Amino acid sequence: MSTLSISVGPQHPGSGHFRIMVKLDGDRIVEALPDPGYVHRGEEKLAEYRNYIQNIPHFERPIVHDSSNILFAYVSAVEDLMKLEVPERGQYIRVVMAELNRIIAHLYYMAIYGIFVGHSTMFMWPMGDRELFIDVAQMISGQRVTFAFLLPGGVRNDMPEGVKERAEKACDYFEKRLVEYEKIFINNPLFERRTRGMGVLTKQDAIRLGVVGPTLRASGVKADLRKDEPYAVYDKLDFDIPVSQDGDSWARAWVHMEEMRQSMAIIRQALKDMPSGPVKLNLRGQIRAPSGETFARTEASRGALSFYLVSNGGMMPYRVRLITPSFRNMIAIPHILKGLLLADLPPAFWGLDYWPVEADR
Amino acid sequence: MVNGATSNIFVGKLKDILQYSVKAPLRYVVNWGRIYSLWPVHLETACCSVEWGATSGPRFDVERWGMLAAFGSMRQCDVLIILGTVNRKMAPRVKMIYDQMPEPRYVIAFGACALSGGLYFDSYNVLPGVDTIIPVDIYISGCPPRPEEFIQGLIMLQNKIRASSVR
Amino acid sequence: MSETPETEQKPPERESKLVDGLTAKLGKDVLEVDIKPKRIKVKVKPERIKDAAEYIKNELGFDHVASVSGVDYPNDQELEVIYHIAAYEREDLRDLVVALAARIPRQDPKTPTLTDIWPSSEYSERETYEMIGIIFEGHPKLERLLLPEDWDDIPPLRKEFKNPGR
């Protein structure tokens, strides 16, 4: 059997800054090996040269459109070492920001998915609706994507007037839009033909490979750290975890869609239940974590994200290990692409929601 | 107008006429055609591509200014937008893509990392600015720049093309 | 060594119950146990790391590796390799993370791979190999992952590696 090797990426509309070395037999993929590293910037080493506050803008750069969730894990790690207790209002605002970011990131996923299957409307609609949630987040934090809003001990500032009304207006509008998304995209026969049965990951394989996030939940494992290990105030909020048993690319898109619904429910509840009070602790002077180590994790939009932080009591961390959901999902790429046609590579690959910047760090 | 008596003069001056027309009216026409059909290469190098996606979206919609969708081959494109950090593994690929693009080609450095390394100025794996490997026409600062800044940079690029000569 | 101050301050019951089986099996080869709520750290002798891993997977039911890290301790001339292990299958264990650690000498940083026990550790081990220079013996594909192809310096996360300009 003679095979043909081609490299998809790093300049390819279907890959982003990433390369997949594909071995083809005719049109069939017999082997697909990921080749990351095109955005590796050495975050873990740079963190050893910066103090705990200077690291905040650094650690949101790997996932700019999901910045609050990655910082959530980082500040939890620092707070765990310093034994800080965040004021309740601060925790609620954190949850609001995290869920806004989840919607923003999921809408970006839907938009790019639209491009990957050649559905231009599905690029334009989510990109436009995304701006509504960016506006709400911008009202709170003052930035479009990189909020740098979460600090050790709370959040940077309180919410201004009118956020609640604006957020609810955006949610009201977007709930109606989601029904239309289902009509033109998720339940579109063309989209179903492109994604049903593509890139199947069974439940056993998903557990064996240790994938995370919507990819895991699309394979039938009902695991979400917001429920399993509730951090902040997630245990006081009422929401569901959408799970699909199919394990294919279509199920992944569906899980993303349903998660946006749940995120909106969380935002509404959090804005309603939010108590008044301070939003952060008054930490004076240089932040120094006492020596020790901690492992903090949160459920980012793409899945479980963890920080392993080792401190020796100095101004800067001794060692920071950042494991991102995309890096953990990368192991599934050779698995799900094997046996597909080359033309099915983009929809099956993007179903994983693989974001190379996040994986390379 | 062109008769036996004047044709010699006309043919003799054809080169001058052509040169003059390329210099002013034709130059204007060619540049006018170029500035409103800029095809960018689809090359994402880092996280700034998120904001670039927003600029192609409906709210900011750079197509209004003549920046088209990025789905062509780099052999047919005129603009290379460096979206953020270029690291040592990506640098040879960026150079290779730039070399494959036909003349005239323009490069926009988008984001602090593409300008100078940005936040990663002391990283072991990041280039100190993309202009160390390829020439850059327009620099857009920000981390990441807002879509409005991208539009401003695009208008600057169009002004630059408008003022350039045609060979 | 297992008499750490944490064990005196009444550690959480569920976590210490899990660890007791491991300490009973490995005996003196468990060098250090650190129990916090929902987080367990077990440091074992490097030659017993595979036995400990098999016990954690088969007896305790932790089915995937969340991260593999390496930490450089140049003062002790040692490297520490840490596996953070979590569970999906058993719902009662999902909030727990077990850290399995071993210290290996810096001059000869070799440790057996755990990819045959947890396939999910494959890429993390590869990254640890190139970033800190720990050689995982028996790994199916111990190659460069993130660094450029022409990288010829020492692994960047070693403490003696200095970033340019620092």
### Query
Name the residues in the range C:104-125 that are in a strand (DSSP E or B) and touching a residue at least 60 places away in the same chain (Cβ under 8 Å), would you?
C:THR111, C:PRO112
### Query
If you take the residues of the range A:115-145 that are outside any helix (DSSP H, G or I) and more than 9 Å from chain B (Cβ to nearest Cβ), which of them is farthest from A:ASP344 (Cα to Cα)?
A:GLY142
### Hits in the range A:121-148 (condition: within 17 Å of the chain's Cα centre (by Cα) and of a type in the set (Phe, Trp, Tyr))
A:PHE133, A:PHE147
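Scanning the range A:55-85 for residues that are of a type in the set (Val, Ile, Thr) and crowded, with 24+ Cβ neighbours inside 10 Å, which turns out nearest to A:ALA304 (Cα to Cα)? Don't jump to the end; show me each part of the working.
We begin by selecting, within the range A:55-85, every residue of a type in the set (Val, Ile, Thr); these are A:56, A:63-64, A:70, A:75, A:78.
Next, only the ones that are crowded, with 24+ Cβ neighbours inside 10 Å stay: A:63-64, A:70, A:75, A:78.
On the way: A:ILE63: 13, A:VAL64: 17, A:ILE70: 10, A:VAL75: 15, A:VAL78: 18 Å.
Among residues in the range A:55-85 that are of a type in the set (Val, Ile, Thr) and crowded, with 24+ Cβ neighbours inside 10 Å, the one nearest to A:ALA304 (Cα to Cα) is A:ILE70.
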### Message
Looking only at the range A:194-243, how many residues end up being under 21 Å from A:ILE331 (Cα atoms) and assigned to a helix (DSSP H, G or I)?
### Response
15
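Tell me, which helices (runs of 4 or more DSSP H) wholly within the range A:268-361 include 3 or more residues that are within 22 Å of A:HIS40 (Cβ to Cβ) and at pLDDT 85 or above?
A:325-329, A:332-337, A:356-360
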### Message
Given the criteria at pLDDT below 85 and under 27 Å from A:LYS45 (Cα atoms), does C:ASP29 qualify?
### Response
no
### Summary
The number of residues in the range A:193-221 that are surrounded by fewer than 19 Cβ atoms within 10 Å (Cβ to Cβ), among the basic types (Lys, Arg) and more than 19 Å from A:SER326 (Cα to Cα) is 2
### Message
It is to be established whether one or more residues within the range A:180-192 are in a helix (DSSP H, G or I), surrounded by fewer than 18 Cβ atoms within 10 Å (Cβ to Cβ), aliphatic (A, V, I, L, M) and at negative phi.
### Response
yes
### Query
Is it the case that some residue within the range C:104-121 is within 12 Å of the chain's Cα centre (by Cα), closer than 11 Å to C:VAL65 by Cβ and within 10 Å of another protein chain (Cβ to nearest Cβ)?
yes
#### Entry: Checking C:ASP72 against (1) in contact (Cβ under 8 Å) with a residue 12 or more places away in the chain; (2) farther than 26 Å from C:LYS141 by Cα, the condition it does not meet
(2)
### Message
If I ask for residues that are modelled with pLDDT under 70 and polar (S, T, N, Q), which ones from the range B:1-56 would you list?
### Response
B:ASN3, B:THR6, B:SER7, B:ASN8, B:SER21
### Query
Looking at the range C:122-133, which of the residues that are more than 14 Å from A:ASP360 (Cα to Cα) and surrounded by 21 or more Cβ atoms within 10 Å (Cβ to Cβ) is farthest from the other protein chains (Cβ to nearest Cβ)?
C:TYR129
#### Entry: Qualifying residue in the range A:1-16 (condition: surrounded by 15 or more Cβ atoms within 10 Å (Cβ to Cβ), modelled with pLDDT of 85 or more and part of a loop (DSSP other than H, G, I, E, B))
no
### Query
Mind checking whether some residue in the range B:70-81 is within 14 Å of chain A (Cβ to nearest Cβ), surrounded by fewer than 21 Cβ atoms within 10 Å (Cβ to Cβ) and either modelled with pLDDT of 90 or more or touching an Asp or Glu at 6+ places or on another chain (Cβ under 7 Å) (or both)?
no
### Query
Which residue out of C:PHE136, C:PHE62 is crowded, with 20+ Cβ neighbours inside 10 Å, among the aromatic types (Phe, Trp, Tyr) and closer than 25 Å to A:GLY292 by Cα?
C:PHE62
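Being touching a helix residue (DSSP H, G or I) at 6+ places or on another chain (Cβ under 7 Å), away from chain A (no Cβ under 14 Å) and either at pLDDT 85 or above or closer than 22 Å to A:GLU131 by Cα (or both) narrows it down to one residue among B:LEU154, B:LEU115, B:LEU127; which is it?
Answer to the check: B:LEU154.
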### Those residues of the range A:17-50 which are among the acidic types (Asp, Glu), within 11 Å of chain C (Cβ to nearest Cβ) and either crowded, with 23+ Cβ neighbours inside 10 Å or outside any helix (DSSP H, G or I) (or both), in sequence order
A:ASP35, A:GLU48
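Has the range B:157-166 got at least one residue that is hydrophobic (A, V, I, L, M, F, W, C), in a strand (DSSP E or B) and in contact with a helix residue (DSSP H, G or I) (Cβ under 7 Å, 6 or more places away or on another chain)?
no
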### Total residues in the range A:146-179, condition assigned to a helix (DSSP H, G or I), exposed (fewer than 13 other Cβ atoms within 10 Å of the Cβ) and not basic (Lys, Arg)
4
### Query
If we scan the range C:21-30, do we find a residue that is in contact with a Leu (Cβ under 9 Å, 6 or more places away or on another chain) and closer than 27 Å to A:GLY303 by Cβ?
no
### Query
Considering the range B:17-69 alone, what residues qualify as being facing chain A (nearest Cβ under 9 Å), touching a Leu at 6+ places or on another chain (Cβ under 7 Å) and assigned to a helix (DSSP H, G or I)?
B:SER49
### Query
So which residues in the range C:93-103 are within 10 Å of chain A (Cβ to nearest Cβ) and either among the basic types (Lys, Arg) or part of a helix (DSSP H, G or I) (or both), if there are any at all?
C:LEU93, C:ARG94
### Task
Count, please, the residues in the range A:62-95 that happen to be not in a helix (DSSP H, G or I) and not basic (Lys, Arg).
4
### Task
Just give me the residues in the range C:62-89 being more than 10 Å from chain A (Cβ to nearest Cβ) and closer than 17 Å to C:ARG39 by Cβ, in sequence order.
C:PHE62, C:TYR83
### Residue, nearest to the other protein chains (Cβ to nearest Cβ), within the range B:86-95, restricted to residues that are outside any helix (DSSP H, G or I) and out of contact with any Phe, Trp or Tyr (no Cβ under 6 Å at 6 or more places or on another chain)
B:ARG88
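The values are calculated or read from the model by the stated rules, or taken from the named source; none is laboratory data. Because the structure is predicted, anything quoted here is derived from the model rather than measured. Every residue, glycine as well, gets a Cβ built from its backbone with ideal geometry; the counts of neighbours run over all protein chains shown.
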